1. Restricting attention to segment 45-56, which residues are farther than 20 Å from Asp76 by Cα and in a loop (DSSP other than H, G, I, E, B)?
2. Which one is modelled with the lowest pLDDT, of the residues in segment 71-97 that are assigned to a helix (DSSP H, G or I), farther than 15 Å from Glu33 by Cβ and among the small types (Gly, Ala, Ser)?
3. Considering (1) within 22 Å of Ala17 (Cα to Cα); (2) without any contact (Cβ under 8 Å) to a residue 40 or more places away in the chain, say which one Arg68 fails and leave the rest.
Amino acid sequence: MKVRGPRALTPADPPAATADLAALLAPLDAHPELLLTLETHLRHGRSRRATADALHLHPNTVDYRLRRVAALTGLDPADDGDVQRVGAALAARRAQG
């Protein structure tokens, strides 16, 4: 069996990759308050207190919403490994318009 190297990129690949990244957060489409909390949380350096202050919420509400994000998407905003994927997915959603 011959092993092939990576295939050449085609013009369709970047939009497909962007769509795949954006789709990671698709479960939040029906929950705009969770998406807003997630975006605000990242914008405020993942500080639950700063997020709560910015959204005029109790910090426990922020915690609850972030747990819901993790349950719906499988990406935990408190996990350093997942934060990069979450950030990329948010950027992909913005790029899609």
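1. Listed by number, the list holds a single entry, His56.
2. Ala95
3. Status for Arg68: all satisfied but (1).
The values are calculated or read from the model by the stated rules, or taken from the named source; none is laboratory data. Remember, it's a predicted structure, so these values are computed and weren't measured experimentally. Heads up, the Cβs are rebuilt from the backbone with ideal geometry, glycines too, and the neighbour counts pull from every protein chain shown.
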